[in-house]
Amino acid sequence: MPDTALTSTAQIVATLVARARAAQAIAARYTQAQLDELATAAAWAIMEPARNRMLAEIAVRDTGLGNVPDKINKNHRKTLGLMRDLQGAISTGVLRDIPEQGITEIARPVGVVCAVVPSTNPGATPANNIINALKCANAVILSPSPKGASTSAKLLEYMHAEFARIGAPPDLVQMLPTPVTKDSSSELMKQCDLVVVTGSQANVRAGYSSGTPALGVGAGNVAVIVDDSADLPDAAAKIMRSKIFDNATSCSSENSLIIHNAVYERMLAELTRAGGVVLDAAEKHTLQQAMFPRGHLSSAVTAQSVARICAVAGLTRPEVVGAKCLMVEETGTGEAYPFSGEKLSPVMTLYRAQDFNHAFSLLRAIYDYMGDGHSCGIHTANDAHIRRLGLEMTVCRVIVNQAHAIANGGSFDNGLPFSLTMGCGTWGGNSFSDNLNYRHFMNITRIVRPIEPREPSVDDLFGSYRAKYRA
């Protein structure tokens, strides 16, 4: 006998997907100007200041993660940057002609996108995915986290209001009915044309095993080197700004600093001036017990303020409770040293390195434990150190002299695409290694015409090799 609940779930999802396909068929006939207006309408739904504030307030109220001012800033900045990136971008029709190759590339939609979005960014992440997808004439169905569902629902309400202004079908953007379950999310992954997953590794693995083409991301655990040539006040200010933003909800916030011994004490002083405080051994032990019960990060401290973390842990020293960021000194990495992992909270681990070789070894050990493929950072004036990280570290981004959480997902002062979904390549178990952007939401059809033959002789290609080795 079939499972009635599963059959019902499949039917509910099938109805959503059918509506999405009907709407997407309309968008597929849009001109570039119409798609640009569609993306702009979706963007204004979150950019409009009153709506932005409402989305931020709902997100913090219902998820208990982050803080309202930083979420407002994130919603605004990420959406503004994305729209800058999309300005003038071709996403339908002829992308380019390559006469010498006889090839014409044509942009085509992927169809219906399942977007699995996290509770940490329940407004900015779905908005980013939706805008990119609509730019390429796709439809989107959201699978939000249970705590973030109310934010996503309000975002869609605002988007549908904007769609009504321009005469676009509201079914271009939908979401699973609440309460969202693993079964409904899994069924949506199976029935759509592309899965985009931002969030937990369990969801990412589900996306990749769904049987549908998927774009999922790896775990974060950003470590940053501060070498002996760094501008220490500048580095400390940027690190602290990044680390405490939205109570460290970002997978791109600094989790560990590896500081050269020659500047360690001075850097500690700068971090303290910027609002950090170093815990003593007893306080570190107390915090570890509260943050990592049974060895796993506790949701009670995730994306919470320092004051809240101190209340949970029972830390009472006034300098600690009043700090912007808690810092712990560490020497080891791995499961026995949980502070070497991702903390998703304003808690940062400090390592002392004798030189750059030692710093590199510590960095490598941290990523062997957690975060391989994601990104690392460095504050330095030494280009050789930067280049070594690019050539040897198994990461997809090396962020140089910047506030990591703000730079990693695209910034107005670097060239990365604005995104909240960072691919980690094969190192992180992902199918892509760049920042998710509109090109991931299109298929490309290639018209191939005949050209003059370009067939080399065997000697052209193998002559020097055969002569060298007398093959």
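The values are calculated or read from the model by the stated rules, or taken from the named source; none is laboratory data. Quick caveat, the model's predicted, so the values are computed rather than measured. Here the Cβ positions follow ideal geometry from the backbone for every residue, glycine too, while neighbour counts run over all protein chains shown.
One table, with the values for the structure above:
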| item | result |
| --- | --- |
| Residues that are closer than 18 Å to residue 227 by Cβ and of a type in the set (Lys, Arg), drawn from segment 257-286 | 266 |
| Residues being surrounded by fewer than 16 Cβ atoms within 10 Å (Cβ to Cβ) and in a loop (DSSP other than H, G, I, E, B) - total across segment 386-413 | 2 |
| Any chance residue 119 is touching a helix residue (DSSP H, G or I) at 6+ places or on another chain (Cβ under 8 Å), assigned to a loop (DSSP other than H, G, I, E, B) and modelled with pLDDT of 95 or more | no |
| Any hit, segment 363-385, residues being buried (at least 18 other Cβ atoms within 10 Å of the Cβ), among the polar types (S, T, N, Q) and outside any helix (DSSP H, G or I) | yes |
| Helices (runs of 4 or more DSSP H) contained in segment 7-92 and holding at least 2 residues small (Gly, Ala, Ser) and out of contact with any strand residue (DSSP E or B) (no Cβ under 6 Å at 6 or more places or on another chain) | 32-47, 49-63 |
| Residue in segment 194-207 that is over 20 Å from the mean Cα position of the chain (by Cα), part of a helix (DSSP H, G or I) and among the polar types (S, T, N, Q) present | no |
| Selection status of residue 62, surrounded by fewer than 20 Cβ atoms within 10 Å (Cβ to Cβ), closer than 30 Å to residue 346 by Cα and not hydroxyl-bearing (Ser, Thr, Tyr) | yes |
| Search result, residues across segment 62-72 that are in contact with a helix residue (DSSP H, G or I) (Cβ under 8 Å, 6 or more places away or on another chain) and touching a residue at least 24 places away in the same chain (Cβ under 8 Å) | 62, 63, 65, 66, 67, 70, 71 |
| Helices (runs of 4 or more DSSP H) contained entirely in segment 213-307, each with at least 1 residues that are modelled with pLDDT of 95 or more, over 15 Å from residue 323 (Cβ atoms) and touching a strand residue (DSSP E or B) at 6+ places or on another chain (Cβ under 6 Å) | 232-244, 264-273 |
| Filtered residues of segment 187-208 (kept if within 24 Å of residue 422 (Cα to Cα) and surrounded by 21 or more Cβ atoms within 10 Å (Cβ to Cβ)) | 188, 189, 192, 194, 195, 196, 197, 198, 199, 203, 204, 207 |
| Single residue of 97, 85, 70, 36 found to be more than 20 Å from the chain's Cα centre (by Cα), modelled with pLDDT of 95 or more and surrounded by 17 or more Cβ atoms within 10 Å (Cβ to Cβ) | 36 |
| Residue check for residue 322: on the phi > 0 side of the Ramachandran plot and not β-branched (Val, Ile, Thr) | no |
| Residue 140 vs. criteria assigned by TED's automatic domain parsing to the domain that holds residue 442, part of a loop (DSSP other than H, G, I, E, B) and touching a strand residue (DSSP E or B) at 6+ places or on another chain (Cβ under 8 Å) | no |
| Checklist (1) touching a residue at least 24 places away in the same chain (Cβ under 8 Å); (2) assigned to a loop (DSSP other than H, G, I, E, B) applied to residue 188, failing item | (2) |
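Listed here are the residues, each with its yes/no results for (1) among the basic types (Lys, Arg); (2) touching a strand residue (DSSP E or B) at 6+ places or on another chain (Cβ under 6 Å); (3) surrounded by fewer than 17 Cβ atoms within 10 Å (Cβ to Cβ).
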site: 415; (1), (2), (3): no, no, yes
site: 418; (1), (2), (3): no, no, no
site: 442; (1), (2), (3): no, yes, no
site: 445; (1), (2), (3): no, yes, yes
